[in-house]
Amino acid sequence: MKVLWLTSVYPSERNPSEGVFHETQVQELLKQGIEVTVICPNPVNPPILRMLKASYRQKREVPEQELRGGVTVYRPPYTALPGQLKWAQPSKRIAAAVLHTIQRHQLSPDFIHAHFSMPSGGAAAVIQEETQIPYVLTLHGSDVNVYPHYSKGAFKAFETAVKQASAVFTVSQELAEKTKEMTKVDAQFLPLGIPLKSFSDKREKKEEIRKQLGLPLHDKLVVFVGRLVKEKGLFELADAVSGMSGVKAVFVGKGPIAKELTERAGSSILLPGQVPNEKVKDYLMAADLLALPSYSEGMPTVVLEALALKVPVIATRVGGLTSLFSTYQHLLIEPRSTSQLKEAIHAYLYENKWTEQVKNDLYQIVHTQYSSSQNVQHLIEQYQDVLNRSISIV
């Protein structure tokens, strides 16, 4: 079985943490004998725009072809426009770049697995029309909750990507229900999962890990892992820890608001920058708690990883987090609320609100439902079903 994985984010040597959840599942597929090729189109602004604004001149310095863990990753350039997911969907431009790559390298996939309805799903729909190669689609969160609501054109692109797919998967049950509500298409909850074996070794003590990472030994550490953008609730987190004696927030990642966060909270926060994915586990183990106060989410991998390590998690009542927390939904807070975030931090650190029972129950949920090795078996069954249907049509 040959699968072409189409996504807008995938790890590279330069950015090893970008879209690492994709690589986790691809590697699990590889273990099961599935032949996977990845195409991750690289957006490049046209020359006239690069002359107008410095940020438009930035080109992602990644190779057009790379071998990662036995998987060939192609990154063909395509012409991008600022804000294109709001008004100028790049489906045809991306599809042209993907088709050129398929032809140039003589790829012959049985089908495409597109990730995110926009832009990859839209491109897969165009490719299907031109080549009759079927595609399945996984929806991750913002491609349902945010982007389709920007404009009529954006919603149409979302609807087309979903309706033309041979099968639609979502990373949370909430996304499946919302997709059905928006498009009348039945989507199946099929989580990506995490490699649980990687999160079972906790031999090193927290103090030793903090020494290795250069983190304070005696402060309480509230760790965030992800892109440093406003939508992750980071201004609220910075405000919440600012002035809390003996508490610091550690923002692991990079993004456009890093400087503003420092100006906002000063010495109350630490910014180690982006770290290799294998180091994320170290920061989680060094933490007293993980905070992810996002405005919207699908099923954030870092929360699963923290729960697998039995690290307390403060998260917002959004996306798949409500079903993940199950009977502990009352521990979730409302997005955009600095006061609730501050209260939760204090309760977790000093009032034992995150009990051993909570740790053990959520740990069990992750191990039962979010194992990448187990979940890939269900994905392969879906692949086989799509393949059988496409063969019967021919």
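List of remarks:
- Per the Debye calculation on region 232-290 with a single equal scatterer at every Cα and no solvent contribution, log₁₀ I(q)/I(0) for q = 0.15, 0.19, 0.21, 0.25 Å⁻¹ amounts to -0.43, -0.69, -0.83, -1.11.
- Among beta bridges that DSSP assigns inside the chain, antiparallel share in %, nearest 5: 10
- When only alpha carbons of region 243-335 are considered, Rg and Dmax amount to 13.8, 38 Å.
- Near Leu270, the amide H atoms lying under 5 Å from its own belong to Ala249, Val250, Phe251; only residues 5 or more places off or on other chains count, and H is placed 1.01 Å from N.
- Derived value for region 313-394: Kirkwood hydrodynamic radius 15.6 Å. Basis is the mean of 1/r over every pair of different alpha-carbon atoms.
- Normalised by residue count, the chain yields a Cα convex hull volume of 143 Å³ per residue.
- The H on the amide N of Arg75, modeled in the peptide plane, is under 5 Å from the matching H of Cys40, Gln65, each at least 5 residues off or on a different chain.
- Length released on extending from Gln384 to His105, taking residue separation times 0.36 nm less the Cα-Cα span: 98.0 nm
- Region 196-369 shape via C-alpha gyration tensor axes, a/c threshold 1.5: rounded
- Annotation: peptides 207-218, 166-177, ranked by per-residue average of other Cβ atoms within 10 Å with the highest first, follow the order 166-177, 207-218.
- For region 10-50, a Kirkwood radius taken over Cα pairs fed into Stokes-Einstein (4 °C, viscosity 1.567 mPa s) yields D = 106 µm²/s.
- Whole-Å semi-axes of region 284-353's equivalent ellipsoid (Cα gyration tensor): 16, 15, 11
- Peptides 146-155, 191-200 ordered by average Cβ neighbours within 10 Å, highest first: 191-200, 146-155
- Kirkwood Rh (inverse of mean 1/r, distinct Cα pairs), region 81-228, angstrom: 17.8
- Three-way shape call for region 90-173 based on the alpha-carbon gyration tensor, with the a/c threshold at 1.5: prolate
- Ranked by the mean number of other Cβ atoms within 10 Å of their residues, highest first, the peptides 112-121, 69-78, 290-299, 370-379 come out as 112-121, 290-299, 370-379, 69-78.
- Residue-by-residue Karplus 3J(HN,Hα) for region 69-85, coefficients 6.51, -1.76, 1.60, Hz, glycine and proline x: x, x, 10, 7, 10, 9, 10, x, x, 9, 6, 10, 10, x, x, 5, 6
A short reminder: the numbers here are calculations on the coordinates, not readings from a lab. Predicted model only: the values in this text are computed from it and were never measured. Glycine gets a Cβ as well: all are built from the backbone with ideal geometry, and neighbour counts include every protein chain shown.
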